[in-house]
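Here's the structure we're looking at; comments come further down.
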Amino acid sequence: MLYRYNRITSIIGFNMRATLIAHPTTPCPFIESFEVVVQRSDPRGLVVGFVITGDVEKILIPAPSPPERTENLWEHTCFEVFFRPVDSQTYFELNISPSTQWAAYRFDDYRTGMKDLALPSIPKIYHDESMARVMDIEVAFDLKALRAFAANDMRVGASAVIEDRNGRKSYWAVRHPSSKPDFHHRDACSLLLPGTGAQT
């Protein structure tokens, strides 16, 4: 599916991909596979794409809305990306809804010191349900918001809350280090994003 992540902007060399799995306490049998691809669009930008394969018509999709900062997106179907600079307690969270609403936060430490993260531009969100049994969402994100950290390596956590049409939620991540779903856990950030000063 890597070819799908090319709509918003041109891609340069770096990319990584991983599989998201449902937390054992929230199985979701109608999803057959769930992938994330992270690609660098330029030295300061990322494109993150999520692809779900399965009976995607069972997913409850928030209604289209203006692309504006919105709180509590995780209460419904929502895709999340966490950035944790190596050797730092500080980390960042980006929430993306298929509605095109978004949110971005900075944390001083585990779930503490939360502040809105100012972004230099609104994330560009592309949502596609046109293919049978496939749903994807893609976001282009400007790393200048993390300029104090982006020059160094960062750990990335990709995750999602999927709500079905009966209101049940499943929690997906590349790694689940806790007995309960916890996207903020340090060890949930298991992907390595080389710093902008490193070779990509």
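Table: residues versus (1) in a helix (DSSP H, G or I); (2) surrounded by 18 or more Cβ atoms within 10 Å (Cβ to Cβ); (3) aliphatic (A, V, I, L, M); (4) within 13 Å of the chain's Cα centre (by Cα).
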| site | (1), (2), (3), (4) |
| --- | --- |
| Glu57 | yes, no, no, no |
| Ala63 | no, no, yes, no |
| Pro67 | no, no, no, no |
| Trp74 | yes, yes, no, yes |
| Glu80 | no, yes, no, yes |
| Pro98 | no, yes, no, yes |
Asn166 vs (1) crowded, with 18+ Cβ neighbours inside 10 Å; (2) polar (S, T, N, Q); (3) more than 15 Å from Arg84 (Cβ to Cβ); (4) touching a Leu at 6+ places or on another chain (Cβ under 9 Å): all pass except (1)
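If you scan the range 79-113, which residues turn out to be of a type in the set (Phe, Trp, Tyr) and farther than 19 Å from Asp128 by Cβ? Reasoning before the result, please.
Taking the range 79-113 and keeping what is of a type in the set (Phe, Trp, Tyr), we get 79, 82-83, 91-92, 102, 105, 107, 110.
Passing the criteria: Phe82, Phe83, Tyr91, Phe92, Tyr105, Phe107, Tyr110.
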Within the range 130-183, of all residues that are β-branched (Val, Ile, Thr) and part of a strand (DSSP E or B), the one farthest from Trp74 (Cα to Cα) is Val134
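Can you confirm whether Asp136 is of a type outside the set (Val, Ile, Thr) and either surrounded by fewer than 21 Cβ atoms within 10 Å (Cβ to Cβ) or under 17 Å from Ala173 (Cβ atoms) (or both)?
Working: of a type outside the set (Val, Ile, Thr): yes; either surrounded by fewer than 21 Cβ atoms within 10 Å (Cβ to Cβ) or under 17 Å from Ala173 (Cβ atoms) (or both): no.
Judged against the criteria, Asp136 is not a match.
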Among residues of the range 100-121 being basic (Lys, Arg) and touching a strand residue (DSSP E or B) at 6+ places or on another chain (Cβ under 7 Å), the residue surrounded by the most Cβ atoms within 10 Å (Cβ to Cβ) is Arg106
Suppose the filter is modelled with pLDDT of 95 or more and touching a Phe, Trp or Tyr at 6+ places or on another chain (Cβ under 6 Å); does Ser159 pass it?
yes
Selection over the range 102-125 where residues are more than 17 Å from Thr70 (Cα to Cα) and in a strand (DSSP E or B) yields a count of 3
When (1) touching a residue at least 12 places away in the same chain (Cβ under 8 Å); (2) closer than 28 Å to Ile59 by Cβ are applied to Ala150, the one that fails is (2)
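The values are calculated or read from the model by the stated rules, or taken from the named source; none is laboratory data. Fair warning: this is a prediction, and the values are worked out from it, not measured in the lab. Neighbour counts run over all protein chains shown; Cβ positions are idealised from the backbone, glycine included.
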